[in-house]
Amino acid sequence: MTGDNGPPAPQWSLAQAEAVAASLDLAHEIGVPAGVSAVVFDVGEEDDPNRWAHVAARLAPLAVVTLARHPGWADASGEVDHLAAAVNRHPLAATITAQLLRRLPERPDAAFQAESLAYATLQAGPEHRAWLDARGRRVRGDEAARVRIDDGDPVTITMTRPRLHNLLDARGRDELAAAFRTVALMEPETRVRWIADGPSFCAGGDPAEFGVVADPATAHTIRSSASPAPALAAIRGRVTAHVHGACVGAGIELAAQASVLIADPATRFRLPELTMGLTPGVGGCWSISRRIGRERLLTWLLTDAELDAETALAWGLIDAIQPR
């Protein structure tokens, strides 16, 4: 079972997995430092789930992704050859994301902090550097407002960068966070309708701003104070988000926090972070996993699949499909 740019992923029966997991030298035999970034659980129909859970617990601290053909047994599930190849293409991003999801706190504020620290670690890594080097530099000259708030019942928050598909840059991040904080000061019964101008709700973070902060530690401190995720979390029970067009990366990470998430029939969803050598960075590990589960989230990240609205509804990523 050979992945791209890496050795074959070991495939274990339950007995084999237990034997490996019992090794006193396990940390030196499995994981990215040992050259084994993915392993496959060959789960039998009669296998005891508790015994597989014990194996998974032994592997949990390690930088390795566990894979299985069927849900419910490992970090990710599906076509294991394809998944193993994806892990081997981006072993640091894949394994660090798996470790984060295994230990993700239940409280959103704690989850956002853990995610940001993982994101900062990957920002300094070779996989993200390779992505930055391959894409070239982009410069924007866009000074227009990114967000508008309109009073009413409900209050409407509109993202207003239509020409660039509402790509989220530092200015947009700050204006969106300010809008959410403004709502938090209103009466508790105030409802919010969150929409976007133009052909897309949000096509993700603005590529022009990747790599511009001096160092990952500084970037983490900026996210800790400026990310819109905590501000949205404080009012999420009041928010109905209406998404359309491209809803990618930061777009779906944030929208997934909404109490109600409605998608236009033509909406397309993607999470390309692992292909950039990163992990979700605007609260997506918490917001998306609470809707679709941690296993399905990691599988989606590994496959970099584009989801249509019907699939998103079937997964529970969105709550309804409604024409814009």
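The values are calculated or read from the model by the stated rules, or taken from the named source; none is laboratory data. On a predicted model such as this, the values are computed, not experimentally measured, just so you know. Quick reminder, even Gly has a Cβ in these numbers, built from the backbone with ideal geometry, and neighbours come from all protein chains shown. To get the accessible areas, we keep the full protein, side chains included, count just its heavy atoms, and leave off ligands, DNA and RNA. Shrake-Rupley method; radii C 1.70, N 1.55, O 1.52, S 1.80 Å.
What range in the chain is the longest one free of GluC sites (Glu not before Pro) that are in a loop by DSSP and have at most 14 other Cβ atoms within 10 angstrom? The longest such stretch corresponds to 190-305.
Electrostatic tally near Arg268: other residues with Cβ closer than 14 Å to its Cβ, Lys and Arg +1, Asp and Glu -1, net -3.
By the scheme Lys and Arg +1, Asp and Glu -1, what is the net charge of all other residues having a beta-carbon under 12 Å from that of His70?
Working: positive: Arg69; negative: Asp42, Glu45, Asp47, Glu79, Glu295.
In short, -4.
Restricted to Cα atoms, the range 139-218 shows a radius of gyration and a Dmax of 14.1, 43 angstrom. Shown are Thr95, Thr218, whose ranking by accessible area with a 1.4 Å probe and every protein chain present, most to least, is Thr218, Thr95. Using a Gaussian network model of the chain in which every pair of alpha carbons under 10 angstrom is joined by a spring, one finds that among Ala144, Ala85, Ala217 the greatest mean-square fluctuation is at Ala144. Between Asn50, Asn166, Asn88, the Gaussian network model of the chain with springs among Cα atoms under 10 angstrom shows the greatest mean-square fluctuation at Asn50.
For n ≥ 4 DSSP H runs only, could you compute -39500 (n - 2.57) per run for the chain, divide by its residues and tell me the 222 nm figure to the nearest 500? Don't jump to the answer; show the numbers that get you there.
Working: 14 runs with 135 residues, N = 324.
Per the formula, -12000 deg cm²/dmol.
Percent of C-alpha pairs per 10 Å bin in the range 223-268, short distances first: 28, 51, 20, 1. For the chain, what are the DSSP H helices with axial Cα length of 20 Å or more and mean Kyte-Doolittle hydropathy of at least -0.5? Correct list, ordered by number: 108-123, 170-184.
Shape summary: the chain maps onto an equivalent ellipsoid whose semi-axes, from the alpha-carbon gyration tensor, are 36, 21, 17 Å in decreasing order. Please state, to two decimals, what the Cα-based radius of gyration of the range 241-324 comes to when divided by 2.2 N^0.38 Å (N = residues). So the range 241-324 has a normalised radius of gyration of 0.96.
Probe radius 1.4 Å, ligands and nucleic acids ignored: give me the carbon and sulfur share of the accessible area of the chain as a rounded percent. Don't skip to the end; give the middle numbers.
Numbers: 7440 of 14030 Å².
Accessible surface attributable to carbon and sulfur in the chain totals 53 percent.
So what's the net charge close to Leu26: Lys and Arg +1, Asp and Glu -1, counting the other residues with Cβ under 15 Å from its Cβ? Here the count lands on -2.
Treating each Cα of the range 42-201 as an identical point scatterer and ignoring solvent, apply the Debye formula and state log10 I(q)/I(0) at q = 0.13, 0.15, 0.20 Å⁻¹. Each listed q maps to, in turn, -0.91, -1.03, -1.22.
If you restrict to DSSP beta bridges whose two residues both lie in the chain, what percentage is antiparallel, to the nearest 5?
Working: 8 of 35 bridges.
Among the beta bridges of the chain, antiparallel pairing accounts for roughly 25 percent.
Regarding the range 47-118, what is the average projected area of its C-alpha convex hull, in nm²? The number I arrive at for the range 47-118 is 5.3 nm².
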